[in-house]
Ligand code: ADP
Ligand code: MG
């Protein structure tokens with residue numbers, strides 16, 4: 001397996017409850033290195049564009065409102081098989097289905113306010129990382 005990078009976002013439900021460090025501990029415990037990290041408040045335009053793939057879904061408007069409701073922490077994670085390793089430690093989208101030990105099982109409030117985003121493929125990871133970071137922001 002090759003060393004990969006993936007994009008992670010700690011969502012507003014988690015920053016609101018001061019869980020950034022606890023989420024990061026789970027990421028690091030899964031063997032992922034945080035090689036870039038920035039706390040920002042997404043604009044509506046940024047959230048709409050980031051989640052454009054979900055534009056036709058019934059929850060899109062609520063999702064954009066949620067993602068702009070407070071600060072987020074955008075991060076680049078690096079490690080062996082990082083895209084899948086991050087998806088594994090995140091847990092299922094719906095916390096009711098998330099496995100023990102996962103971030104969403106431990107912290108998510110609902111299927112929407114589910115504490116973290118993670119890229120779902122290497123191709124999307126490259127696009128999502130480029131959306132928030134330039135090469136010189138990432139220190140491996
Ligand atoms: P994931 O974040 O696990 O990749 P998706 O890409 O399917 O999940 O959805 C993106 C985000 O949209 C989810 O993380 C969650 O915040 C929200 N979402 C997904 N499905 C629903 C739903 N049925 N109702 C409300 N929000 C949802
Ligand atoms: Mg997704």
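Just so it is clear, none of the values below were taken in a lab; they were calculated from the coordinates. Since the model is a prediction, treat every value here as computed from it, not as a measurement. Cβ placement follows ideal geometry from the backbone for every residue including glycine, while neighbour counts extend to all protein chains displayed.
Based on DSSP H runs of at least 4 residues, each adding -39500 (n - 2.57), what is the mean residue ellipticity at 222 nm of the chain after dividing by all its residues, to the nearest 500 deg cm²/dmol?
Estimated from H runs of four or more residues: -10500 deg cm²/dmol.
Let's test the formula: R0 of 25 Å, r as the Cβ-Cβ distance of residue 96 and residue 25. What FRET efficiency results, to the nearest 0.05?
0.60
Project the alpha carbons of segment 72-120 onto their principal axes and report the range along each, largest first, in whole Å.
Per principal axis, max minus min of the Cα coordinates gives 28, 23, 16 Å.
With a/c under 1.5 counting as rounded, go ahead and sort segment 21-140 into rounded, prolate or oblate using the C-alpha gyration tensor (a ≥ b ≥ c being the square roots of the eigenvalues; past the cut-off, prolate if a/b is larger than b/c, else oblate).
oblate
Points 7 angstrom from Cα along the Cβ direction at residue 60 and residue 45: gap in nanometres?
1.8
Report the extension gain between residue 124 and residue 109 in nm, rounded to one decimal, defined as 0.36 nm multiplied by the number of residues separating them, less their alpha carbon distance.
2.8 nm
Could you work out the relative contact order of the chain? I mean the mean sequence separation of Cα pairs under 8 Å and 6+ apart, divided by the number of residues, in percent.
38
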